[in-house]
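Asks: This is the structure I have questions about; it appears just below.
The values are calculated or read from the model by the stated rules, or taken from the named source; none is laboratory data. On a predicted model such as this, the values are computed, not experimentally measured, just so you know. Virtual Cβ from ideal backbone geometry, glycine too; neighbours counted across all protein chains shown. Side chains are part of the model used for accessible areas, which takes the heavy atoms of the whole protein and leaves out ligands, DNA and RNA. Shrake-Rupley method; radii C 1.70, N 1.55, O 1.52, S 1.80 Å.
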Amino acid sequence: MKKEKNEFFEWVKVIVLTAVFVIGIRTFIFSPIMVDGASMMPTYEDGDRIIVNKIGKTITDLERFDIVVFKAPDERNFIKRIIGLPGDHIAYENDELYVNGEKFEEPYLSQYKSELDGFGDLTYDFTLEQLTDRSKIPEDYYLVLGDNRRKSSDSRDARVGLVAKDKIIGKANIRVYPFDEVGWVQ
């Protein structure tokens, strides 16, 4: 009887420790999220399941073109790409990105641009001043855009605006579903 009781408590300990471990990892390190909507197509499709690296933003700096998940003002999780960093001036002209007056390539948009085939620009012209009345992105804020520029609520939308660093949950670089597309995403 005593042996059965000890074995029962050993199983309880294993289950409790496993639960604490899983909750800790999910709360502080990684979290699964499902992409909801078409704003990041073709990089991420509606229904894709991704892993958000929560410690990535604290171990390394957030960089231009990182894909991040953040809490939007309506408390939903949004997934977008960082285009503008603190101190940057951002402008789009003729579907080209300019950061502090220097033209930047966006290779992840090549597929979408080729599919437009003369049907207008993917990203309409704008400047940071037109969006925010500021000439530079403030410290600890980021300008984010969805890859599907025509169908994305992002920093161009006054309801979203510039995203504060403390609203960023983490980086989204690993797709775990659909299974035929599992892997690292840039």
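Asks: Residues that are of a type outside the set (D, E) and more than 17 Å from T43 (Cβ to Cβ): does segment 112-119 have at least one?
Replies: Yes, there is a match, as at least one residue in segment 112-119 is of a type outside the set (D, E) and more than 17 Å from T43 (Cβ to Cβ).
Asks: Considering only segment 75-87, state which residues are of a type in the set (D, E, K, R) and surrounded by 16 or more Cβ atoms within 10 Å (Cβ to Cβ).
Replies: Once the filter is applied, which keeps residues that are of a type in the set (D, E, K, R) and surrounded by 16 or more Cβ atoms within 10 Å (Cβ to Cβ), segment 75-87 yields K80, R81.
Asks: Which members of segment 88-102 meet the condition of being open to solvent by 10 Å² or more (accessible area, probe 1.4 Å) and hydrophobic (A, V, I, L, M, F, W, C)?
Replies: Of everything in segment 88-102, just one residue is open to solvent by 10 Å² or more (accessible area, probe 1.4 Å) and hydrophobic (A, V, I, L, M, F, W, C), namely A91.
Asks: Could you give me the residue pairs with C-beta distances under 8 Å whose first residue belongs to segment 146-172 and is over 28 Å from E115 (Cα atoms), whose second residue is part of a strand (DSSP E or B) and open to solvent by 30 Å² or more (accessible area, probe 1.4 Å) wherever it lies, and which are 6+ apart or on separate chains?
Replies: From segment 146-172, the pairs are L162/Y141; V163/Y141; A164/Y141; K165/Y141; K167/K71; I169/K71; I169/N77; G170/N53.
Asks: Can you pull out every residue in segment 54-74 that is β-branched (V, I, T) and open to solvent by 50 Å² or more (accessible area, probe 1.4 Å)?
Replies: I55, T58, I59, T60
Asks: Sticking with this one: With respect to V35, determine if the residue is at pLDDT below 85 and open to solvent by 50 Å² or more (accessible area, probe 1.4 Å).
Replies: Here the answer is no, as V35 does not meet what is asked.
Asks: If you take the residues of segment 103-144 that are touching a residue at least 40 places away in the same chain (Cβ under 8 Å) and among the acidic types (D, E), which of them is most open to solvent (accessible area, probe 1.4 Å)?
Replies: The selected residue is E139.
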